[in-house]
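J.: First the structure, which I've put down as structure tokens, then a few questions once you've had a look.
None of the figures in this text is laboratory data; all of them are computed from the coordinates on show. If you're wondering where the values come from, they're calculated on a predicted model, not measured in any experiment. Here Cβ is always computed from backbone atoms with ideal geometry, including for glycine, and neighbour counts include all displayed protein chains.
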Amino acid sequence: MLQKLGERKTDKNQIPFSLIIVAFVLLILPLLIHNEYIIHIFVMVFFFAFLGSSWNIVSGFTGELSLGHAALVGIGGYVSTLLFINAGLTPWIGMIVGAIVTVIAGIIIGYPCFKLRGPFFTLTTIAFAELLRIYVSNTETGPFGIQLKGSMGLLVPLLGNAPHFFEFSSKIPYYYIMLMAMFVATWITFLIRKKRLGHYLLAIKSDPDAAQALGVNLTKYRLIAMIISSAFASFGGVFYAQYFRYINAARIFGLDLSIEIALIALIGGQGTILGPIFGALLLVPVGEYLSLKLGGSLPGSDLAIYGLIMMAVVLFMPRGINNIVVKVFNNVDNFLMRLWRLKPREILNKKGRSP
Amino acid sequence: MLVRLIPALIEGILLGGLYGIIAVGLNLIFGVLRVVNFAHGSMLMLSVFSYYFLWKIFGFDPFFSIIIVAPAMFVLGYFLQHILIRPLFVRERALVVEPTSVLMLTTGLMFFLDNLILAIFGPNYFSITTKISSSYFNLAGVAVPWPKIIAFFGGLFLIFLVTWLLNKTEIGKVIKATAQNRDAVAMCGIDVYKIYDLTFGMGVALVSIAGAFASQMFYVQPSIGTVFGVKSFLVIVLGGLGNILGSLIGGLVFGIVEALGSQVIASSASTMLSFLLFIIILFFRPQGLLMRRAERR
């Protein structure tokens, strides 16, 4: 693309103004739209964007594809729910306990996995997640007499509207909680990218040997990324349990969930900040629409089309949609600026003031 | 206890042979192309369905159908690699693209194929019953179904055939060489991509032969692929990447561990054991049982 003289190339990690407008719209959306189903779709979009961001921190930045992220999500969900059911502990505190357990699990999983590269790493993450899934699915009573309930899953006590116990009768509080979570995750991803950790991780991603030669401790930084990612993932699990009021091993530890999370982050753009959000905005509604239209008549056909989409994206848009979407938003920005007779964005510095 | 163990052991060995053949196909693909073919199980599933329909419509015995299905699947594999996966390789050479792309591609393929068959045929179970599949052989007081015995020895023969092919024929040596160092092979003037196409086709053909055996041992249903797909990865890691004999050994070990394990603990838990074994092996001996410490390509 030709660049006019004096134009500054916009940093693709800079947040366009038009995107902030979108964020604002998302904030006030529940006041405008009262359709429960649409609100639910947005909750799911935020949920997967959040989990996608969490996956991005460990896999997007390090370049090793983890297909066992559901393990971390599931541990958080199960720990919190078990504490809720058996000890009456409110999930607001339960989630902290869950996060701690998940982080420990993440370190235990991460340590052997990070010794491996490429497909071996992926296979090992799958093995861990499957191990957990099979164990929980087939165990009625676990160690210390904890009732895991096997494949029946855990039913969250129905308390109606109980904010102190992370339960709400309307979908709207869930909407805002997940929206905020998504913002936080995105912001943390942005911070990581900007600060030293992000640079170390990207260095490890491009060439681990060179990074090591420069003195970057591979294991330490990968584990740090894993810790942050695990903490987020566990919150996702807790939210899932509290939103659906039911959690079972097949879904929450399942390979399907892991693949969905990875796919959303990859389609959005691996290693980018806003990628997971874009990926979720694209895939979640499409998935819902497909299962709505086709799931009943031809079971499985919706997933078949999902598979086709996966292949198409990998073949034609391997970098994900992030760059294209950001470019679109930047163009909208420029259009708006010219519309309101403000200077074109390229000459403004980052804070929005003219030099 | 011991009395229960013997039939389990026999079962494990025979099942292990089947795992071995399926793994050999995957090993070939993984070893040469370094592609994690998640769709491998789907290939098995497609071939199993083919055998079923050839039996249902024409009355062909699955063992006979091999001469129809195997070449067909070879062609399928050849074109899958040529059309879908080759562009990723070409791209990978030019840019720095994450190798995750092939993984995602084969995963998407798996989703597509598994659910396409599910959508067309529904989650119903079918089964093939031929004269051979319902007859038994008496081994030390245990009634062993004939198909399993044929599968085991057929598999052994197949594996030795493949090993001979790789070591004694020109094309086999080229394939082995490509597995070791694709750049060196390219420098010798060989079209590496064509070798990839060929190898992928071979791998799929192999698994389709395994499908002939599996179609008589298990129910014909869309999810038959998923179960074997994941396990075959565990097997090839166990045996050692790039080592054909290793796949057989790995398959046998795996089959025995699973069969014995399901006597001692619940059968689902024995699958857990396999995963645990997998993780332990990757941690302590990532080159598998039969390989020496691998050099990175």
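J.: What is the dipole size for chain B, taken about its Cα centre, with +1 at each Lys and Arg Cβ and -1 at each Asp and Glu Cβ, in debye to the nearest 20?
T.: Using Cβ point charges on Lys, Arg, Asp and Glu, chain B gives about 480 debye.
J.: Additional query: Skipping prolines and chain starts, which residues have an amide H placed within reach, meaning under 5 Å, of the one on B:Val220, given they are 5 or more residues away or on another chain?
T.: Placed amide hydrogens put B:Phe126, B:Ser127, B:Ile128 under 5 Å from B:Val220.
J.: Also: Among B:Ala177, A:Val25, A:Gly106, which residue has its Cα furthest toward the positive end of the charge dipole of the protein assembly as shown, with +1 on Lys/Arg Cβ and -1 on Asp/Glu Cβ?
T.: The listed residue farthest towards the positive side: A:Val25.
J.: So if we plug the beta-carbon distance of A:Ile21 and A:Ile93 into 1/(1 + (r/R0)^6) with R0 = 35 Å, what FRET efficiency do we get, rounded to 0.05?
T.: Computed FRET efficiency for A:Ile21 and A:Ile93 comes out at 0.45.
J.: Still on this model: As a check on your grasp of the helix formula, calculate [θ] at 222 nm for chain B: sum -39500 (n - 2.57) over DSSP H runs of n ≥ 4, divide by the residue count, round to the nearest 500.
T.: -25500 deg cm²/dmol
J.: Of B:Ser208, B:Ile67, B:Leu26, which is farthest along the charge dipole of the stretch B:2-295 in the positive direction, counting Lys and Arg as +1 and Asp and Glu as -1 at C-beta?
T.: Sorting the options by dipole projection puts first B:Leu26.
J.: Also: For labels at B:Met217 and B:Leu161 in the simple 7 Å Cα→Cβ model, what's the distance in nm?
T.: Inter-label distance under the simple model: 1.7 nm.
J.: If each DSSP helix of 4+ residues adds -39,500 (n - 2.57) and the sum is divided by the residues in chain A, what number results at 222 nm, nearest 500 deg cm²/dmol?
T.: So the helix-based figure for chain A works out to -22500 deg cm²/dmol.
J.: What are the ³J(HN,Hα) couplings of the stretch B:47-64, residue after residue, when phi is run through the Karplus curve with 6.51, -1.76, 1.60 and θ = phi - 60°? Round to Hz, x for glycine and proline.
T.: 5, 4, 5, 4, 4, 4, 6, 5, 6, 5, 8, 9, x, 6, 5, x, 4, 6
J.: Counting GluC sites (Glu not before Pro) as exposed when in a DSSP loop with at most 16 other beta carbons within 10 Å, what is the longest stretch of chain A free of them?
T.: In chain A, the maximal stretch lacking such sites is A:141-355.
J.: Moving on. Tally Lys/Arg at +1 and Asp/Glu at -1 over every other residue whose Cβ is under 11 Å from the Cβ of A:Ile188; what's the total?
T.: Once positives and negatives cancel, what remains is +3.
J.: Given N residues in the protein assembly as shown, what is its alpha carbon radius of gyration divided by 2.2 N^0.38 Å?
T.: That ratio works out to 1.01.
J.: May I ask you to list, by number, the DSSP H helices of chain A whose Cα span along the axis is at least 18 Å and whose average Kyte-Doolittle hydropathy reaches 1.6 or more?
T.: Long hydrophobic helices here: A:17-32, A:36-55, A:91-113, A:255-269, A:301-316.
J.: Would you pull out the residues with amide H under 5 Å of A:Glu167's amide H, same chain only if 5 or more places away, H placed 1.01 Å from N?
T.: A:Ala162
J.: In addition: Given charges of +1 on the Cβ of Lys and Arg and -1 on the Cβ of Asp and Glu, with all other atoms neutral, how large is the dipole of the protein assembly as shown about its Cα centre, in debye to the nearest 20?
T.: Charge dipole of the protein assembly as shown: 1920 debye, to the nearest 20.
J.: Can you bin the stretch A:38-158 into rounded, prolate or oblate? Criterion: square roots of the alpha carbon gyration tensor eigenvalues sorted a ≥ b ≥ c, rounded for a/c under 1.5, prolate for a/b above b/c, oblate for the rest.
T.: Note, shape of the stretch A:38-158 comes out oblate.
J.: With +1 on each Lys and Arg Cβ and -1 on each Asp and Glu Cβ, how big is the dipole of the stretch A:72-178 about its Cα centre, in debye rounded to the nearest 20?
T.: Charge dipole, the stretch A:72-178, about its Cα centre: 260 debye, nearest 20.
J.: May I pose another question? Step through the residues of the stretch B:162-177 one at a time and calculate ³J(HN,Hα) from phi using the Karplus curve (6.51 cos²θ - 1.76 cosθ + 1.60, θ = phi - 60°), rounding each to whole Hz and writing x for Gly and Pro.
T.: Rounded to whole hertz, the list is 4, 4, 4, 4, 5, 9, 10, 9, 4, 5, x, 5, 4, 5, 4, 5.
J.: Near the amide H of B:Tyr136, under 5 Å away, which other amide H atoms are found, from residues 5 or more places off or on another chain, if H is placed in the peptide plane?
T.: B:Trp146
J.: I need the phi-derived Karplus couplings for the stretch B:23-35: 6.51 cos²θ - 1.76 cosθ + 1.60, θ = phi - 60°, integer Hz, Gly and Pro marked x.
T.: With coefficients 6.51, -1.76 and 1.60, one gets 5, 4, x, 5, 4, 4, 5, 5, x, 8, 8, 6, 9 Hz.
J.: Next question. Could you calculate the FRET efficiency of A:Thr219 with B:Lys56 from 1/(1 + (r/R0)^6), where r is the beta carbon distance between them and R0 is 56 Å, rounded to 0.05?
T.: 0.50
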